[in-house]
Amino acid sequence: MSRVTDNYKKHTVGYSFWQFKFLQKLLIDNYLFILLREVKNLKPENVLEVGCGEGFILEKLKNEKACKKLFGVDISKDAINLAKKIHPGLDLKEGNIYNLPYKDNSFDLVICAEVLEHLEKPIDAMNEIKRVCKKNLLLSVPNEPLFRIGNFTRGKNWSRFGNDIDHIQHWSENSFRKFVGKFLKVKKVVTPLPWIFVIAEK
């Protein structure tokens with residue numbers, strides 16, 4: 001089996017009371033519920049998830065019949081290979097967010113969930129996901145400093161005051177709204193604890 005990522009662990013956590021994992025599970029379930037609701041409200045014909053990881057969000061959209069066609073791309077070959085094993089039937093590719101293997105204006109909705117905070121060049125990434133988008137984008141990042149406080153209180157990343165080692169960008173609700181607004185028309189902001197969703201229009 002390929003290396004298990006933090007994303008895989010996040011989406012497969014159970015309702016254990018060990019290290020407050022039951023609370024983590026509740027928060028993730030709420031995150032997915034709101035994401036699904038917002039996607040259904042947009043009524044896309046096709047969806048691309050950039051940074052799809054092991055395909056958990058796409059599988060949720062597929063099971064709930066949120067749209068007709070689903071596509072995913074991720075830089076990790078291991079994640080894509082694992083996604084194809086545990087979620088057969090999804091259209092997945094290995095690819096880089098700075099150079100996506102799709103034509104301009106290809107997708108009614110582009111989802112980029114929990115990716116931008118990991119990037120050294122989020123502006124370049126935004127320009128590229130905007131390029132392949134035809135109508136709407138749904139973007140999510142951790143809501144700071146709430147995300148770090150949550151980590152710290154459950155004993156995670158104490159030496160970094162709750163900050164994940166891979167998170168190099170940090171946004172509050174207001175700062176992320178302003179960041180996205182430089183590229184797109186912001187239609188809606190939703191803040192399921194401890195994340196931020198921005199739904200925007202090209």
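The values are calculated or read from the model by the stated rules, or taken from the named source; none is laboratory data. None of the values given here were measured: they were computed from a predicted structure. Every residue, glycine as well, gets a Cβ built from its backbone with ideal geometry; the counts of neighbours run over all protein chains shown.
Couple of notes before you dig in:
- Taking the criterion of being of a type in the set (D, E, K, R) and under 16 Å from PRO194 (Cβ atoms), the residues of region 112-144 that qualify are GLU114, GLU117, GLU144.
- Which listed residue, of ASN99, ASN105, is in contact with a Cys (Cβ under 9 Å, 6 or more places away or on another chain), in contact (Cβ under 8 Å) with a residue 24 or more places away in the chain, surrounded by fewer than 20 Cβ atoms within 10 Å (Cβ to Cβ) and closer than 28 Å to VAL180 by Cα: ASN105
- Restricting attention to region 176-202, the residues that are closer than 10 Å to ASN143 by Cα, surrounded by fewer than 17 Cβ atoms within 10 Å (Cβ to Cβ) and either over 17 Å from the mean Cα position of the chain (by Cα) or modelled with pLDDT of 95 or more (or both) total 1.
- Yes/no for LEU139 being modelled with pLDDT under 95, under 19 Å from LEU32 (Cα atoms) and buried (at least 16 other Cβ atoms within 10 Å of the Cβ): no
- Restricting attention to region 101-146, the residues being part of a helix (DSSP H, G or I) and of a type outside the set (S, T, N, Q) number 14.
- Selected residue [at negative phi, in contact with a strand residue (DSSP E or B) (Cβ under 6 Å, 6 or more places away or on another chain) and aromatic (Phe, Trp, Tyr)] from PHE107, PHE56: PHE107
- Given (1) part of a loop (DSSP other than H, G, I, E, B); (2) touching a strand residue (DSSP E or B) at 6+ places or on another chain (Cβ under 9 Å), number of the condition ILE165 does not satisfy: (2)
- Test: residue in region 78-86 that is closer than 24 Å to VAL190 by Cβ and crowded, with 17+ Cβ neighbours inside 10 Å: no
- Those residues of region 115-143 which are farther than 16 Å from GLY72 by Cα and among the β-branched types (Val, Ile, Thr), in sequence order: ILE123, VAL141
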